[in-house]
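Here the structure comes first, spelled out in structure tokens, and everything after it is commentary.
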Amino acid sequence: MPDSELNNDERLVQLPFSKSGILSGLLMVGALLGFTAWSRAQPTRLPAPPGRAEIHFVAASTDGWRIDGGRLAGAWRLSSDEPRFGGVSALAIECGSMLALSDSGVTIRFALPNAGATSAEGRFADLGDGPCDPRWKSCRDSEALVAAPGGGWFVGFENHHSLWRFDAALRDGRDIADLDGQGFVANRGIEGLVALADGRLIAFPEDGGMLLVADPASHKIKRETVRGLGPGVSDAVTLPDGRILLVRRRFGLTGFTSELLTLGKDRRGWAVARVARLSLGRLDNPEGAAAQPLPGGGTRLWLVTDNDFRAGVATLLVAIDLPADRRVP
């Protein structure tokens, strides 16, 4: 029979070692928590002065793409050595050139690509104003852009749920509508904007199912239901024929797929009808849209994808020609 007293000395040594291990673990957890708190307190965005840098165009591989309801007119992978390039979430056409807006409050202006284009000069600038501290990306989460009647631009900020009006240079801005009371969660706010001729705005949240009609003059906001509009709205644009087009994306096992929907109103209220379906690359997430009239009717729809500043994910610019008025099931 073994003598248990032979292990007493070993147990006395094991006890302080055991306590030392627990203490080391607690210190490690405390250090990790402290580092996490410190990291969260550091700025996530560095404001920078306006600058110029080349934007490169490379024809994108369209193998496996599917576009029902439109004709692919061109597709390019865009890149630049400018660190602020990426995260593009809104798009507009300004005097025949492209105006892109990133979700970190950066405007990018460049010439539209043509069949033989390999690059164009890009002009980069930070939004001059916006919600809260510009050193934080969440304070410059600009997701929607539309030209304002009479000049300037309207911009929608998603995380801080507000609409702003800027001058033509997108420098001087002011808050025109506070959407905090609409019940949007932090990252599911306004993704698309269209401007009406009377100065009102229609704003579309990412969660879908509804829209907001905002009147900057009276500061009134009206919430209305939209039949058939599910979640995933990523942008909105007014077509040359006056119709409002919505881009709605979904993510599934095969990656991103998108629908193009037109918005209309009848006696029962707002409703959408699908005009096209898109399936690009698995990680290609269309977030910005702009429209150009085509000679003889129809529309060239420009779409840009958001790469979320992730290495290895492309920023694509895609041109799709839509007929004047067509619906697909």
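The values are calculated or read from the model by the stated rules, or taken from the named source; none is laboratory data. Here the structure is a predicted model, which is why all the values come from computation and not from measurement. We place every Cβ from the backbone using ideal geometry, glycine too, and count neighbours over all the protein chains shown. For accessibility, only protein heavy atoms count, side chains too; no ligands or nucleic acids. Shrake-Rupley method; radii C 1.70, N 1.55, O 1.52, S 1.80 Å.
When each of Asp175, Asp129 is tested for being free of Cβ contacts under 8 Å to residues at least 60 places away in the same chain and assigned to a loop (DSSP other than H, G, I, E, B), the lone residue that passes is Asp129. For the stretch 253-265, what are the residues that are open to solvent by 80 Å² or more (accessible area, probe 1.4 Å) and either under 15 Å from Gly232 (Cα atoms) or not polar (S, T, N, Q) (or both)? Result: Leu253, Lys265.
Residue-wise test of (1) touching a residue at least 40 places away in the same chain (Cβ under 8 Å); (2) in contact with a His (Cβ under 6 Å, 6 or more places away or on another chain); (3) part of a strand (DSSP E or B); (4) closer than 21 Å to Asp306 by Cα.
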site: Phe204; (1), (2), (3), (4): yes, no, yes, yes
site: Thr225; (1), (2), (3), (4): yes, no, yes, no
site: Gly230; (1), (2), (3), (4): no, no, no, yes
site: Asp241; (1), (2), (3), (4): yes, no, no, no
site: Phe256; (1), (2), (3), (4): no, no, yes, yes
site: Leu260; (1), (2), (3), (4): yes, no, yes, yes
site: Ala289; (1), (2), (3), (4): yes, no, yes, yes
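Here Ala217 meets each of (1) at pLDDT below 95; (2) within 21 Å of Gly70 (Cα to Cα) with one exception, condition (2). Give the stretch 153-171 a look and list any residue that's open to solvent by 10 Å² or more (accessible area, probe 1.4 Å), over 16 Å from the mean Cα position of the chain (by Cα) and either farther than 14 Å from Arg200 by Cα or of a type in the set (S, T, N, Q) (or both), or say none. Result: Asp167, Ala168, Ala169, Arg171.
Would you kindly identify the strands (runs of 3 or more DSSP E) lying entirely within the stretch 50-110 that contain at least 2 residues that are small (Gly, Ala, Ser) and buried (at least 22 other Cβ atoms within 10 Å of the Cβ)? Reasoning before the result, please.
Details: elements: 51-59, 66-68, 71-80, 88-94, 97-102.
Qualifying strands (runs of 3 or more DSSP E): 88-94, 97-102.
Scanning the stretch 216-227 for residues that are open to solvent by 70 Å² or more (accessible area, probe 1.4 Å) and within 23 Å of the chain's Cα centre (by Cα) gives Arg223, Thr225. Against the test of being part of a loop (DSSP other than H, G, I, E, B), open to solvent by less than 30 Å² (accessible area, probe 1.4 Å) and within 30 Å of Ala73 (Cα to Cα), the options Ala117, Ala144 yield a single qualifying residue, Ala117. Can you tell me how many residues within the stretch 121-141 are out of contact with any Asp or Glu (no Cβ under 6 Å at 6 or more places or on another chain), modelled with pLDDT under 95 and of a type in the set (Gly, Ala, Ser)? Counting residues in the stretch 121-141 that are out of contact with any Asp or Glu (no Cβ under 6 Å at 6 or more places or on another chain), modelled with pLDDT under 95 and of a type in the set (Gly, Ala, Ser) gives 2.
Only one of Gly25, Gly51, Gly74, Gly87 is small (Gly, Ala, Ser), in contact with an Asp or Glu (Cβ under 6 Å, 6 or more places away or on another chain) and modelled with pLDDT of 65 or more. Can you tell me which?
Working: Gly25 fails: in contact with an Asp or Glu (Cβ under 6 Å, 6 or more places away or on another chain); Gly51 fails: in contact with an Asp or Glu (Cβ under 6 Å, 6 or more places away or on another chain); Gly74 fails: in contact with an Asp or Glu (Cβ under 6 Å, 6 or more places away or on another chain).
Residue meeting the stated conditions: Gly87.
For the stretch 229-241, check the following and say yes or no: at least one residue is at pLDDT below 95, open to solvent by 50 Å² or more (accessible area, probe 1.4 Å) and under 25 Å from Ala197 (Cβ atoms). So far as the stretch 229-241 goes, yes, one or more of its residues are at pLDDT below 95, open to solvent by 50 Å² or more (accessible area, probe 1.4 Å) and under 25 Å from Ala197 (Cβ atoms). In this structure, is Leu280 closer than 27 Å to Gly105 by Cβ, touching a strand residue (DSSP E or B) at 6+ places or on another chain (Cβ under 9 Å), open to solvent by less than 10 Å² (accessible area, probe 1.4 Å) and in contact (Cβ under 8 Å) with a residue 12 or more places away in the chain? For Leu280, the condition - closer than 27 Å to Gly105 by Cβ, touching a strand residue (DSSP E or B) at 6+ places or on another chain (Cβ under 9 Å), open to solvent by less than 10 Å² (accessible area, probe 1.4 Å) and in contact (Cβ under 8 Å) with a residue 12 or more places away in the chain - is not met.
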